[in-house]
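Please read the structure below before turning to the comments.
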Amino acid sequence: MEFTENPWRTLTSNVVYDNNWIKIRHEEVVTPSGTAGIYGVVSFKNKAVAVVPIDQDGNTYLVGQYRYPLEEYSWEVPEGGSPVGTDPLESARRELKEETGLEARTWTRIGRIHTSNSATDEEGFLYIAEDLVQGDHEPEETEQLQILRVPLAEAVRMVMNSEITDALSVCAILMVARLKQI
């Protein structure tokens, strides 16, 4: 069997929920073993973007906010949505400015991830932003943010101690730490 071929067969697909951000489908399927099954798929209407800003002293900036679905506070790198068809880098620039007030002269795309590929098609793009210039932040009306400037090594420690649990942030911080040999 060629592992790149799709072993699933979709029998029916119905949209059961749809809003500005997500669409949820309920599907009846034939599983790879040939049995009948069901699948729920969450499709995102935005790509995810995450930015690890690194200043001249080797510090990064984390954003803290209460996350409604988790019912808990979360420390994360600056991140947000990039409408499908929009350049993810432009969205990353916008999110960094909105959430921290920072602008960067140097941008590097470091990765592409799928955040939870067993139930969603969400795709994320990860960036390093360097040569930073501080300005005023412009959070969205749904955001009540705190900004924390920490050494990159401290952000790694927070990931390793599960103080940072957001998937985009964990991946981005660890990838940057590896690239920067922290």
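Show which aspartates and glutamates lie in cross-link reach of Lys47 when reach means a straight Cα distance below 16 angstrom and same-chain residues fewer than eight apart are skipped.
Glu79, Asp87, Glu90, Glu95, Asp121, Glu122, Glu123, Asp166
Could you name the lysines whose alpha carbon sits less than 19 Å from that of Lys45, not counting residues in the same chain fewer than 8 places away?
Lys23
With the chain treated as a Gaussian network of Cα nodes joined by springs under 10 Å, which of Gln146, Gln65, Gln56 yields the largest mean-square fluctuation?
Result for the chain, Cα springs under 10 Å: Gln56 fluctuates most.
Binning every alpha carbon pair distance of the range 79-178 at 10 Å from zero, what are the percents per bin?
Histogram of Cα-Cα distances, whole percents per bin: 14, 44, 38, 4.
So which residue, out of Val51, Val63, Val16, gets the largest mean-square fluctuation from a GNM of the chain using Cα contacts under 10 Å as springs?
For the chain, modelled as a Gaussian network with Cα springs under 10 Å, the answer is Val16.
Fewest to most neighbouring Cβ within 10 Å: what's the order for Ile173, Ile164?
Ordered from fewest to most neighbouring Cβ atoms within 10 Å, Ile173, Ile164 come out as Ile164, Ile173.
Quick one: net charge of Thr165's neighbours, Cβ under 12 Å, K/R +1, D/E -1?
-3
Quick check: the distance between the Cα centres of the range 46-76 and the range 83-146, to the nearest angstrom?
9
Which FRET efficiency, nearest 0.05, do Met160 and Thr12 yield, Cβ-Cβ r, R0 35 Å?
0.20
Specify the angular offset, from 0 to 90 degrees and rounded to the nearest 10, of the alpha carbon long axis of helix 167-179 from the longest principal axis of the alpha carbons in the chain.
60
Just name one of Ala36, Val84, Ser118: the one whose Cα is farthest towards the positive end of the charge dipole of the chain (beta-carbon charges, Lys/Arg +1, Asp/Glu -1).
Value: Ala36.
Please compute the Cα-Cα pair-distance distribution of the chain with 5 Å bins starting at 0, giving whole percents from short to long.
1, 8, 14, 18, 18, 13, 9, 8, 6, 3, 1, 0
Any read-out appearing in this document is the output of simple, stated calculations on the displayed coordinates, not a laboratory observation. Remember, predicted model here, so these are calculated numbers, not experimental data. Using ideal geometry, Cβ is built from the backbone for each residue, glycine included, and neighbour counts are taken over all protein chains shown.
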